[in-house]
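The values are calculated or read from the model by the stated rules, or taken from the named source; none is laboratory data. Just so it is clear, the structure is predicted and the values come from calculations on it, not from any experiment. Neighbour counts are summed over all protein chains in view; Cβ atoms, including those assigned to glycine, are modelled from backbone coordinates with ideal geometry. Note: areas computed on protein heavy atoms with side chains; ligands, DNA, RNA excluded. Shrake-Rupley method; radii C 1.70, N 1.55, O 1.52, S 1.80 Å.
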Amino acid sequence: MEAYISTSTSYQGDCFEPMKIATFAEIAEEFLERVNKMVWCNVATVDQKGRPRSRILHPIWQGEVGWITTRRRSPKEKHLALCPFVSLAYIADVVKPVYVDCKAMWIEDPAIKQDIWQLLQTTPPPLGFDPAPIYGSTDNPEFGLLKLIPWRIEVTSVATVPAERKIWYASAGAEPSS
């Protein structure tokens with residue numbers, strides 16, 4: 001995905017100095033290093049009354065595409081049926097947070113479910129894990145797979161002087177209208 005707008009801002013005194021970021025590739029290494037180290041993140045959805053709802057989940061990323069195994073028939077499923085957008089916050093390292101705003105899509109394709117199941121089993125812990133004790137198999141109707149398609153990724157560092165904030169936006173088709 002190519003970026004259509006993207007800035008990095010460094011705080012110096014009372015002003016921000018923007019720096020253009022053209023592609024995901026420019027933040028990919030730092031993004032993947034951080035999210036793979038932090039593993040767990042807060043994931044917020046919006047409920048039927050328009051209120052945010054957060055929970056801790058365990059995504060695994062393949063480049064700019066994320067995957068979450070999760071139970072079906074949950075409040076999360078109801079929320080995503082109304083509004084398919086989620087906001088992720090990786091904050092285990094509070095001075096180097098990562099924020100990811102995505103469209104979340106339920107995947108029903110058995111081959112993709114099996115591929116991600118195997119990815120989880122073959123990736124070393126703590127990022128990888130065996131989903132079998134939780135779900136049994138990919139055929140279990142309770143086994144859900146969410147595909148995360150980011151429209152915005154922010155990699156921030158307040159540990160540096162000046163502070164740095166890198167924001168990547170996906171192509172115009174991925175960003176929500178509001």
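Structure values in brief
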item: Candidates per GluC sites (Glu not before Pro) in region 74-148, loop by DSSP, up to 15 other Cβ within 10 Å; result: 108, 142
item: Residue-span extension gain [residue 78 to residue 118] - 0.36 nm each, minus C-alpha spacing; result: 11.7 nm
item: Residues of region 57-97: accessible area per residue with a 1.4 Å probe, Å²; result: 45 Å²
item: Carbon plus sulfur fraction of accessible area for region 67-178, probe 1.4 Å, in percent; result: 58 percent
item: Cα-based Rg of region 39-123 normalised by 2.2 N^0.38 Å, two decimals; result: 1.13
item: Coordinate range along principal axes, alpha carbons of region 93-136, Å, largest first; result: 38, 26, 16
item: Relative counts (whole %) of C-alpha pair distances in region 59-178, using bins that are 10 Å wide; result: 12, 37, 34, 14, 2, 0
item: In nm, spacing of pseudo-spin labels at residue 25 and residue 109 (7 Å Cα→C-beta vector); result: 2.4 nm
item: Entries of 49/113; 49/166; 78/166; 76/166; 113/166; 76/113 with Cα pairs more than 24 Å apart; result: 49/113; 49/166; 78/166; 76/166; 113/166
